[in-house]
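The values are calculated or read from the model by the stated rules, or taken from the named source; none is laboratory data. Keep in mind the model is a prediction, meaning the values are calculated, not measured. Every residue, glycine as well, gets a Cβ built from its backbone with ideal geometry; the counts of neighbours run over all protein chains shown.
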Amino acid sequence: MTSWSRLDPPETYVFDGPTSRRGHHMNQLFMSLRQGNARREFRADEVAYCRKFGLSAEQTTAILGRDWQAMLDLGGSIFYIYKLAVMDGLSMQYLGGVFTGMSEAEFKAAMLAGGRTDG
């Protein structure tokens, strides 16, 4: 018998309804980056683009500072956050490393070896 519930697995980020609602506007911004004209507008003035989506000051600061963990903590979905990372030339393995405290190379090696063994 485990000591945790499926709603609170240890060291696992749970993207649930409240989290989705908290990050809704930020995730809308990330999803808009699928379109070339939106990417150009974002690159031209990131502050104005964040304002356009009605983000909180904390969300705007996280995006401008590329604070990936803060974006997640503020309700960002990894699948949407990744759209911004791609614009910056970053890989999913890079983000995986950020979220697990590993380098990109360490994270990639761990995944190729079958996954993390610390949990």
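Pick out the one residue from Arg39, Arg43 that is surrounded by 13 or more Cβ atoms within 10 Å (Cβ to Cβ), basic (Lys, Arg) and modelled with pLDDT of 95 or more.
Numbers: Arg43 fails: surrounded by 13 or more Cβ atoms within 10 Å (Cβ to Cβ).
Sole residue among the options that is surrounded by 13 or more Cβ atoms within 10 Å (Cβ to Cβ), basic (Lys, Arg) and modelled with pLDDT of 95 or more: Arg39.
Restricting the stretch 46-87 to residues that are in contact with a Cys (Cβ under 8 Å, 6 or more places away or on another chain) and either surrounded by 13 or more Cβ atoms within 10 Å (Cβ to Cβ) or not assigned by TED's automatic domain parsing to the domain that holds His25 (or both), the residue that is nearest to Gly23 (Cα to Cα) is Gln59.
On the basis of being under 21 Å from Glu104 (Cα atoms), modelled with pLDDT of 95 or more and outside any loop (DSSP other than H, G, I, E, B), does Leu84 make the cut?
Numbers: under 21 Å from Glu104 (Cα atoms): yes; modelled with pLDDT of 95 or more: yes; outside any loop (DSSP other than H, G, I, E, B): yes.
When the stated conditions are applied, Leu84 passes them.
Contact annotation: residue pairs with Cβ atoms under 8 Å, 6 or more positions apart or on different chains, pairing a residue in the stretch 39-50 that is under 11 Å from Leu64 (Cβ atoms) with a partner that is of a type in the set (Val, Ile, Thr) and surrounded by 13 or more Cβ atoms within 10 Å (Cβ to Cβ), are Glu46/Ile63; Val47/Thr60; Cys50/Thr60; Cys50/Ile63. No other residue among Gly54, Gly114, Gly96 is assigned to a loop (DSSP other than H, G, I, E, B) and out of contact with any His (no Cβ under 6 Å at 6 or more places or on another chain) apart from Gly114.
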